[in-house]
Amino acid sequence: MMALTKDFKDTILARAQRDPAFRKALLQEGVECLLAGDVDSGKAVLRDYINATIGFEELSQVFDKSSKSLMRMFGPKGNPQASNLFAVIRYLQEQEGIHLEVNARKVV
């Protein structure tokens, strides 16, 4: 995975702050990457989403964990426990006012 430039991250931040549809799509993309088995991309997208919305400081207060611990969890070498990862995803959905669903379909 190629490292993102500061300008690109700033662009994501600015767009997410002004465009609710973009925020929702970013959260959805992160979860879809995780479900597809692309954990590194999923964590990276969720990290960008968190940085562009509530931030790791607020998240740390909600989960009573240090912000650095949460940043590591979503970092390139992070290996979050499923219970922690899904708790964060649930909280992010609540904050965004959405509910993501999994729809099963047969692959042909």
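The values are calculated or read from the model by the stated rules, or taken from the named source; none is laboratory data. The shown structure was predicted, so the numbers you read here are calculated from the model rather than taken from an experiment. Heads up, the Cβs are rebuilt from the backbone with ideal geometry, glycines too, and the neighbour counts pull from every protein chain shown.
Do we find a residue being touching a residue at least 60 places away in the same chain (Cβ under 8 Å) and of a type in the set (Val, Ile, Thr) anywhere in segment 46-56?
no
State yes or no: is residue 4 surrounded by 15 or more Cβ atoms within 10 Å (Cβ to Cβ) and either among the hydrophobic types (A, V, I, L, M, F, W, C) or modelled with pLDDT of 95 or more (or both)?
So residue 4 does not fit the description; no.
Being of a type outside the set (Gly, Ala, Ser) and either surrounded by 15 or more Cβ atoms within 10 Å (Cβ to Cβ) or part of a loop (DSSP other than H, G, I, E, B) (or both) is the filter here, so list the residues in segment 50-61 that pass it.
Within segment 50-61, 50, 51, 53, 54, 56, 59 qualify.
In segment 14-45, how many are aliphatic (A, V, I, L, M), surrounded by fewer than 14 Cβ atoms within 10 Å (Cβ to Cβ) and in contact (Cβ under 8 Å) with a residue 24 or more places away in the chain?
1
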